[in-house]
Amino acid sequence: MLPLSYSLRNVAARPARSLMTAGVVALVVVASSLFLGLISSVKRTLIDSGDPMNLVVMRKGSDNDGSSQLSLEAYQAIRYFDGIARDEDDQPMVSPQLVVQPFFRTREGGRENVLVRGVDEMAFAVHPAVRIAEGRMLQPSSGEAVVGRGVLGRYAGAALGSELEFGRGRWQVVGILEADGASFESEVWVDVRELANDAKRPFPYSGIRLRAASPADLVALRKRINDDPRYALEAELETEYYAKQSESANTLYILVVGIAVLSGIGAGFGAANTMYAAVQARTAEIGTLRSLGFSRASILSAFQIEAMALSAIGFAIGAASAIALSALLRVLMGGVAFAASTFTTNVVTLRVTPSDLIGAFVLAMVIGLAGGFGPAWRAARMRPIEALRKG
Amino acid sequence: MSTDDTPIPVVAIRGVARHYVRAADDVQALRPISLDILPGRFVAFMGPSGSGKSTLLNIISGIDRPDEGALLVAGEMLNDLDEDELAEWRARHVGLVFQFFNLIPVLSARDNVALPLLLTKLDRAERTRRAETALRVVGLDHRLDHYPGTLSGGEQQRVAIARAIVTDPDLIVADEPTGDLDARNAEDILSLLRQLKNDFGKTIVMVTHDPRALRFVDDVYHLDKGILLEGEDAERAGAAIRMAAGGHVGGGGHP
């Protein structure tokens with residue numbers, strides 16, 4: 001077989017042509033990495049919001065927090081069901097919540113629906129991933145709010161110490177929420193009773209989040225709630241609930257994959273074109289190698305390795321550019337907003353993760369394989385005498 | 001073919017012919033030819049352009065195939081081999097020298113010479129050692145790490161000759177080895193080929209237009225329009241070449 005150095009030195013020996021081919025691949029890598037990063041960020045934001053030990057309890061037939069309503073009696077009844085986890089004070093870990101979706105004014109002057117969640121002090125116990133990163137937790141009945149990291153700075157008044165205006169009142173921002181990138185970071189949390197008064201809802205809650213003591217209790221609790229004829233409620237695993245909410249991202253996902261595949265095909269043609277030109281220019285060299293006794297397989301693999309090396313260079317350039325570009329977008333835009341199925345705005349922090357880069361790497365290698373195979377095959381099947389004459 | 005007293009030919013050609021189809025024309029490049037080349041001989045094929053000498057050389061070296069006839073080279077009936085078997089056979093038995101050197105531009109002189117050894121089972125150290133020895137034989141042991149682009153034409157052809165001898169082949173085949181060189185380098189290359197024959201007993205088959213070659217070779221075969229000239233025709237062709245060279249070649253014995 002021809003040495004690896006033969007293929008690699010050929011890449012280095014023609015820098016302009018190599019850079020052009022690698023550049024085409026790099027552009028595809030940048031586009032696909034950013035697209036995949038966006039998709040995985042969206043999915044992560046929504047799906048990671050669910051805790052596998054939690055149940056979401058809503059009125060039967062509701063498909064999200066915002067369209068559900070629940071009475072105080074239902075909450076009181078469920079609160080004392082067996083199998084619910086208890087906190088240090090032996091209180092059941094049940095968090096009644098009220099969700100409203102008022103318009104917030106963005107700093108640019110636009111209007112967006114933001115999910116405002118009314119909670120009580122048990123919310124942090126039920127959602128252990130949520131924490132106050134700056135400031136403090138709100139005090140009940142004092143017109144205070146804590147805002148998610150994604151909301152911060154995006155809307156007028158969404159800053160620590162500022163006042164937010166929504167509903168019928170003003171809300172003092174006293175803390176900033178973080179939740180490892182989950183959708184809670186796109187929410188504003190206030191006291192559940194204050195919010196119910198402000199929104200003048202006939203029912204005080206939209207739903208309940210509760211934490212089961214064990215996986216077996218989780219199953220039993222779900223069945224018991226679903227089978228209870230008194231309140232017509234439905235319990236769903238919180239992970240399933242958020243997975244359903246993320247379905248709105250599936251269209252985007254298909255679109256992104258489609259664009260990535262199309263641009264990959266385009267890059268494949270571009271890479272193949274430059275590789276064909278490279279083969280054409282080296283016909284005599286191929287004839288020489290065949291004359292010296294190198295087999296078709298050696299020539300095929302040498303040219304294929306060259307194409308893969310160009311793709312790998314393209315990937316390296318593209319991946320570095322994608323990481324830099326995503327960081328720049330984070331700084332300039334703060335995050336990417338998209339409408340969830342509830343019409344509220346979720347703010348996603350765009351991050352290109354290693355798994356996104358693996359996806360882009362696979363695409364780059366496929367481009368190298370597919371784009372390089374045609375020229376490599378053409379080179380390999382030349383008879384030495386033809387190659388020497390054409391050269 | 002051979003008796004007990006005569007050596008077995010390295011090349012035995014029987015009725016070998018070749019034609020090409022070019023733009024709907026059937027070109028008879030080589031009419032049926034038979035000849036033997038004995039071991040240790042330095043043989044030149046000469047003739048005008050289109051005489052079929054390069055076609056014959058390509059067939060002998062196994063990089064082209066005859067349309068008819070039988071061909072026994074280095075003990076192998078080449079007619080029986082497929083493309084990949086031919087490639088393997090070439091790697092083992094033939095050293096090739098081209099007019100335009102045909103070195104690989106991205107490999108150093110040492111790596112170019114070691115290239116055919118990649119097809120053997122030798123380890124890297126032994127391949128390097130043999131490549132350096134071959135370069136020493138052609139007087140280029142001070143240019144081991146130079147790339148073809150940094151070598152003169154004469155030096156490049158020496159590297160190509162080193163590549164041709166590095167596997168110790170039964171046959172060295174050279175196609176116009178002096179065709180792209182100035183007079184001094186051409187003399188040097190012919191002298192080097194002669195030295196390989198004298199010192200190592202190599203069998204060399206060369207195609208050339210160069211009348212200087214007559215001073216270096218053992219046997220000359222003249223071709224014209226695909227026919228191997230014999231008798232008076234061959235004498236006349238030889239005389240014409242000597243005349244064209246101003247009578248400075250031939251008759252002087254081998255260096």
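Miscellaneous remarks
- Across peptide B:52-64, the mean count of Cβ atoms from other chains lying within 10 Å of each residue's own Cβ comes to 2.
- DSSP beta bridge pairing in chain B, given as percent antiparallel to the nearest 5: 50
- In this label model, A:Arg79 and A:Ala281 are separated by 7.8 nm, measuring between points 7 Å along each Cα→Cβ vector.
- C-alpha long axis of helix A:283-292 to longest principal axis of chain A, angle in °: 70
- When you filter the GluC sites (Glu not before Pro) in segment A:93-149 for DSSP loop state and at most 16 other Cβ atoms inside 10 Å of their Cβ, you are left with A:Glu108, A:Glu121.
- Chain A: C-alpha gyration tensor shape, a/c 1.5 cut-off, then a/b vs b/c: prolate
- An oblate overall shape is assigned to segment A:27-183, the ratio a/c of its alpha-carbon gyration tensor axes (a ≥ b ≥ c) being 1.5 or greater and a/b not exceeding b/c.
- Rounded tilt (10° steps) of B:183-200 against the dominant C-alpha axis of chain B: 90
- Beta bridge orientation in segment A:111-202: antiparallel %, DSSP, nearest 5: 50
- Distance-filtered residues of segment B:59-74 - backbone nitrogen under 19 Å, label point 7 angstrom along B:Asp218 Cα→Cβ: B:60-61, B:72-74
- Taking every DSSP helix (H) stretch of at least 4 residues in chain B, weighting each as -39,500 (n - 2.57) and dividing the sum by the residue count yields a mean residue ellipticity at 222 nm of -10000 deg cm²/dmol.
- Helical mean residue ellipticity (222 nm; -39500 (n - 2.57) per DSSP H run of 4+; nearest 500) of chain A: -17000 deg cm²/dmol
- A cut-off under 15 angstrom between Cβ atoms defines the neighbours of A:Leu221, and their net charge, with Lys, Arg +1 and Asp, Glu -1, is -2.
- Qualifying trypsin sites (Lys or Arg not before Pro) in segment A:87-169, DSSP loop, other Cβ atoms within 10 Å at most 15: A:Arg107, A:Arg136, A:Arg168
- Note on A:Ser321 and B:Asp67: with the Förster distance fixed at 51 Å, the Cβ-Cβ geometry gives a FRET efficiency of about 0.35.
- Length-normalised contact order of chain A in % [C-alpha pairs under 8 Å, at least 6 apart]: 29
- Euclidean distance between Cα centres, segment A:169-231 to segment B:1-59, Å: 94
- Secondary structure note: in the protein assembly as shown, about 65% of the DSSP beta bridges are antiparallel.
- Scanning residues 5 or more positions from B:Leu228 or on other chains, none has an amide H under 5 Å from its amide H, with H placed 1.01 Å from N in the peptide plane.
- Within segment A:194-232: backbone nitrogen closer than 13 Å to the A:Ser71 label point (7 Å, Cα to C-beta): A:203-205, A:229-232
Values quoted throughout were computed directly from the atomic coordinates according to the rules given, and no laboratory measurement underlies them. The shown structure was predicted, so the numbers you read here are calculated from the model rather than taken from an experiment. Methodologically, a virtual Cβ is constructed for each residue, glycine included, from the backbone with ideal geometry; neighbour enumeration extends over all protein chains shown.
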